[in-house]
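Quick note: the coordinates plus some simple rules give every number you see, no bench work behind them. Predicted model only: the values in this text are computed from it and were never measured. All Cβ positions, glycine included, derive from the backbone under ideal geometry; neighbour counts span all protein chains shown.
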Amino acid sequence: MAVARAGGNVAKKLGNYVQDLRLPKGFHRELRFMRMVRRFGGDGAYAVFLLWSWAAENCPTTGRLERMGVEDLHEVCCVRKDEAGFIELLIEEEFLARGEDGIFYLPNWREEQPHVAKAEERSEAGRVAVQKRWDARAVGKEASKGLAPNTKGNRCVAGKNYSNTNSKTLKSPPPPPTGGRSEHVPVSEIVARYREVLPELPEPREDAEKLGKDIAARWKSKPERQSLEWWGWFFALVREHPYLMGEVEQWRAGLAWLVCRANMDKVLGGHYLTRDQMGDPKRAQGEVVRETKSWSLEEYEQMRAERAREQAQDTSG
């Protein structure tokens, strides 16, 4: 089967959800894949993967290929437009279907790619988890001060949703909670908190030795970081930045990246555009920026001392 170069005729939707395509181990033995290979060679199966990948980026929840015609499908699948029988075979093998309204869609999409199709649900679950956590914390603070609990909802999260495709609804979480000295580093609990708050981001390898060391180093570097509440706050902060969430490019931050000292410092230091900042047309669209700050001599010396301690801990660890 001759392969055509995919062009830019198909406009991508802004805001990519989790795009991991997951295939069963024996997919190549399924008759429908075997028929695609028999008819078009290896490019036949590859075309299906390209179609799934496009759907994962542009219509992950529904699998409906809005405003896509036959030529668009050929282009997305990198198949020449004069390749006879390609669309017909996709439909025959139930890789593709066309509704009564004329719109193409991927039948059984939620069964074919459940991880992708449920990405929006995981994003909403992460939002709810963050909101509940901060609501409980706000109520606890008010109760400790003898105030009536705030029953109107979260103070730090506004709007109905701040999933990957929602660009301006997450506002800043409250100031980071303070922690206390602790020798035990709850690596597994921190990984679980990451999964809960940021389900859109890549799944971490909890058994990775370097990941555990980096988490331990960041935990021990400052007293306020020695609590799971602080880590929940930090992961909620990450959600504010479209670039880190994979909404600007296909790259997304992962836990191993976030817990590297330099990267954590960048996130905490405001090096990445927030949703509100990206709404300003005068600001660059998604690239890394450095916020200016005037440091006093005392602040500068304190920052240098903290960096030196962190570097010494990383070296010893």
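Per-structure values
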{"read-out": "Over 25 Å (Cα to Cα) - which of Lys118/Lys266; Lys210/Lys266; Lys132/Lys210; Lys220/Lys266 fall in this group", "value": "Lys118/Lys266; Lys132/Lys210"}
{"read-out": "Cleavage-rule hits (trypsin sites (Lys or Arg not before Pro)) in segment 29-137: DSSP loop, at most 16 neighbouring Cβ within 10 angstrom", "value": "Arg67, Arg80, Lys81"}
